[in-house]
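Quick notes on the structure that follows.
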Amino acid sequence: MFNDFRLGLVLLENIKKAGYIKPTPVQSAAIPPALEGRDIVVTAETGSGKTAAFLLPMLERVSTGPRGGVRGLILCPTREIAIQTAQHARKLGRHTGMNSAAIYGGVGYEPQLQALRAGVDIVVATPGRLLDHLGRGTIDLKNVSTLVLDEADRMFDMGFLPELRRIMSHLPASRQTLLFSATMPPEILALAERFMKDPVRLAVGRVATPPETVSQAVYMVPSARKTTALLELVQRQTMESVLVFTRTKHRADRLARRLSWSGVKAACIHGDRSQRQREAALEGYRQGVFRVLVATDIAARGLDIQGVTHVINYDLPAVPEDYVHRVGRTARAGATGQALSLVTGDDAAALQGIERALGHRLRRLEWNA
Ligand code: AMP
């Protein structure tokens, strides 16, 4: 139970209001050592409840410790995750007096400067924009008592390692560091070794396994029929909220247009779209204005979208790990979901790689329509 953790009453009340009945495995494993002030390295995926696993101990520490300046810093790979995590921090931090702000690129500086001037206790930031603020002297990190590196493997994949090192040189050595990563490549472990103090290593659940509540299948489709197959699939009654993945930004755009032409309300999200467009697409999808969201891997990684009933791989990902991440977008926090992949003759090697990583064969269905 959450009551077993040494969390303040206000936080326990906020947890209740958020509708969390009992801690998820990652929360049970990470919250106690984090509350003791230990550094921790956690292997956990999006969907595991990892955000609350670091926000709760951070909120507890920041709200009960000495006041003044930014005391909690969360670094994450994308703007969307930064926005989402700051919202989560506001929800869990209600009535604690702690202010949270998201600092990310692709938008103007002024609103972020205003927030910083007004006083912020917890900052959720993407590395590039945070460094800009540090360079301009508009943020001071010398009071940070807890640092979170969220989705560390993703930040590494995106080439943020030099930025992370530079940011860490602005932080007090006495801070607590919590590192969360879906996978633990050697570079991340080296980072942990270099910048953390005797961290507790926690691995929650088996990595690279989609939630058991997701039913998975592949449709064997001739490549010329892929788009038709997708259109027919998304028009099925049960497809309430569908996340479709494509290999490239261009293919995402094209597919979203094709869906819209066919009368399916669809939006798309990828790295070439402006911040405003990405937010509008995501918000529209969350609200149900769009029934289908077409996405590329980078844009969708780490996003917490509730109520996705179906994930469809229009293109199989080249990396098996991305398959697991995609499939994990449905069936969040115990709900059930379905993941379908459209597989053509050219995908044999990719499919084999995915099945090897999963440790089992995927159910195959012939596309006969
Ligand atoms: P995350 O892995 O942090 O992206 O969280 C996935 C989803 O699970 C989010 O929507 C959280 O609000 C939700 N969640 C987190 N902790 C719990 C919990 N203890 N019980 C139920 N849902 C939770």
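Read-outs throughout are calculated quantities, based only on the coordinates presented, and are distinct from any laboratory measurement. No experiment lies behind these values; they were computed from the predicted model shown. Here the Cβ is made from the backbone with ideal geometry for all residues, glycine too, and neighbour counts use every protein chain on show.
Report relative contact order for the chain in percent, whole number only (criteria: Cα-Cα under 8 Å, sequence separation at least 6).
Taking the mean separation of contacting Cα pairs over the length of the chain, I get 18 percent.
Taking the inverse of the average 1/r across all pairs of different Cα atoms in the stretch 214-366, what Kirkwood radius in Å do you get?
Final number for the Kirkwood radius of the stretch 214-366 is 15.3 Å.
So what are the ³J(HN,Hα) numbers for the stretch 171-180, from phi and the Karplus equation (6.51, -1.76, 1.60; θ = phi - 60°), rounded to whole Hz, Gly and Pro as x?
Couplings: 9, x, 5, 7, 6, 9, 10, 10, 10, 10 Hz.
Would you grab the residues whose amide H sits under 5 Å from the one on Val218? Only those 5+ places off in sequence or on another chain, please, with H modelled 1.01 Å from N.
Sorted by chain and number, the residues that satisfy this are Ser341, Arg363, Arg364, Leu365.
Mind ordering 154-164, 134-144 by average Cβ neighbours within 10 Å, highest first?
The most tightly packed comes first, giving 154-164, 134-144.
For a quick check of your reading of the filter: which GluC sites (Glu not before Pro) in the stretch 200-300 sit in a DSSP loop and have no more than 14 other Cβ atoms within 10 Å?
Glu212, Glu240
Using θ = phi - 60° and the Karplus curve 6.51 cos²θ - 1.76 cosθ + 1.60, what whole-Hz ³J(HN,Hα) does each residue of the stretch 115-128 get, with Gly and Pro shown as x?
Going residue by residue, I get 4, 5, 5, 5, x, 10, 8, 10, 10, 10, 9, 8, x, x Hz, with x marking Gly and Pro.
In whole Hz and in residue order, list the ³J(HN,Hα) couplings for the stretch 359-366 that follow from phi through the Karplus curve 6.51 cos²θ - 1.76 cosθ + 1.60, θ = phi - 60°; x for Gly and Pro.
These are the phi-based 3J(HN,Hα) values: x, 7, 7, 8, 5, 9, 10, 8 Hz.
Please state, rounded to one decimal and in Å, the Kirkwood hydrodynamic radius that the chain gives when every pair of distinct Cα atoms enters the mean of 1/r.
21.4 Å is the Kirkwood radius here.
Evaluate the Kirkwood expression for the hydrodynamic radius of the stretch 2-204, namely the inverse of the mean inverse distance over all pairs of different C-alpha atoms, and round to one decimal in Å.
16.7
Charges only on Cβ, +1 for Lys and Arg, -1 for Asp and Glu: so what's the dipole of the stretch 214-366 about the Cα centre, in debye to the nearest 20?
260
Order the peptides 17-24, 284-291 from the highest to the lowest mean number of other Cβ atoms within 10 Å of their residues.
Numbers: 17-24: 13.1, 284-291: 16.4.
Answer by packing, highest mean first, reads 284-291, 17-24.
Can you tell me which of Ala350, Ala34, Ala53 moves the most in a GNM of the chain? Springs connect C-alpha atoms under 10 Å apart.
Looking only at Ala350, Ala34, Ala53, the largest GNM fluctuation is found for Ala350.
In this model, which of Lys226/Lys249; Lys17/Lys249; Lys50/Lys142; Lys16/Lys142 are farther than 29 Å apart at the alpha-carbon? Write down the numbers at each step before the final one.
Values: Lys226/Lys249 17 Å; Lys17/Lys249 38 Å; Lys50/Lys142 26 Å; Lys16/Lys142 33 Å.
The answer is Lys17/Lys249; Lys16/Lys142.
Report, in deg cm²/dmol and to the nearest 500, the calculated mean residue ellipticity at 222 nm for the chain, where each DSSP H run with n ≥ 4 adds -39500 (n - 2.57) and the sum is divided by the residue count.
Numbers: 15 runs with 150 residues, N = 369.
-12000 deg cm²/dmol, from helical runs alone.
How many angstrom lie between the Cα centre of the stretch 99-178 and the Cα centre of the stretch 1-68?
First find each Cα centre; the distance between them is then 21 Å.
Percent relative contact order of the stretch 29-99, based on C-alpha pairs within less than 8 angstrom and at least six residues apart? Walk me through the numbers on the way to the answer.
Numbers: 37 pairs, mean separation 22.5, N = 71.
Computed over the stretch 29-99, the figure is 32 percent.
Sequence gap at least 6, Cα distance under 8 Å: using those rules, report the relative contact order of the stretch 76-165 to the nearest whole percent.
Relative contact order of the stretch 76-165: 35 percent.
Given a Förster distance of 41 Å, report the FRET efficiency between Arg257 and Thr213 from their Cβ-Cβ distance, rounded to the nearest 0.05.
Once rounded, the FRET efficiency stands at 0.80.
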